[in-house]
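What follows is a set of notes on a single structure, which appears directly below.
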Amino acid sequence: MVRQGPVRAVAAFGAVLFAAGCGDETPKPTILDAAAIYADHEGLLRSVRAAYPGPYEDFVRIPSRDPTKADPMDADFLKFLREEIPVEFIDFFPIGDSGKDELDVVLWRYQSGNHWNTVSLVYFSMAMTFAEGEENMRAFDRCDDEALNWLQSQNQPASAFCHINDHWLAYQKVE
């Protein structure tokens, strides 16, 4: 009788090598995927602003960077979101002394080649305008292939925003 154990071990090892070799072939999420997440889950993303209405006085992240400041309600809210959408963390920022604020729902952070990518949905409590002439950052009126193609054509680092509506934008940074 032939023992199955070594055959299975060799097959499993081969599968791991195959997966490792093919791992980089999987398409990575982009700014367009973030816009699609918003389109599919608009109400859920609006609940982030409803749960944390601002204005924010200081920078805050959930989950907290400091475990001693972790709030169980924040953890429950993050768990609720993660049941529907990918969320790494959420940052809340005051915009200077304006009484306005920003929240950044970071969906994915990953390495692609020698570059780190951050893909987010960003909420600004006031409509944002972006300065012209910054070589490595650009805002687009729509989330379409133009935004993605520009981002992919840039020497790194580069950042792109694309408008979803007056307050929400999809964002990708490659560094």
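The values are calculated or read from the model by the stated rules, or taken from the named source; none is laboratory data. Just so you know, these numbers come straight off a predicted model, no measurement behind them. Don't worry about glycine lacking a Cβ; one is built from the backbone with ideal geometry, like all the others, and counts go over all protein chains shown. With ligands, DNA and RNA removed, areas are computed over all heavy atoms of the protein, side chains included. Shrake-Rupley method; radii C 1.70, N 1.55, O 1.52, S 1.80 Å.
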task: For segment 71-93, name all the residues that are closer than 16 Å to ALA50 by Cα and either touching a Gly at 6+ places or on another chain (Cβ under 9 Å) or among the acidic types (Asp, Glu) (or both).
output: ASP74, ASP76, ASP91, PHE92
field: First in segment 34-62 and closer than 21 Å to GLU84 by Cβ, second anywhere and open to solvent by 70 Å² or more (accessible area, probe 1.4 Å), Cβ under 7 Å, 6 or more apart
entry: HIS41/GLU84; LEU44/GLU84
query: Which condition number in (1) part of a helix (DSSP H, G or I); (2) more than 18 Å from VAL122 (Cβ to Cβ) is the one that ARG65 fails?
result: (1)
message: Suppose we keep only residues that are surrounded by 14 or more Cβ atoms within 10 Å (Cβ to Cβ) and in contact with a Pro (Cβ under 9 Å, 6 or more places away or on another chain) within segment 70-81. Which one would you say is nearest to GLN172 (Cα to Cα)?
response: LEU78
- prompt: Here are some residues: GLU84, GLU88. Which one is open to solvent by 20 Å² or more (accessible area, probe 1.4 Å) and touching a His at 6+ places or on another chain (Cβ under 7 Å)?
  reply: GLU84
message: Just the residues that are touching a Pro at 6+ places or on another chain (Cβ under 9 Å), surrounded by 15 or more Cβ atoms within 10 Å (Cβ to Cβ) and modelled with pLDDT under 95, please, taken from segment 28-69.
response: GLY54, TYR56
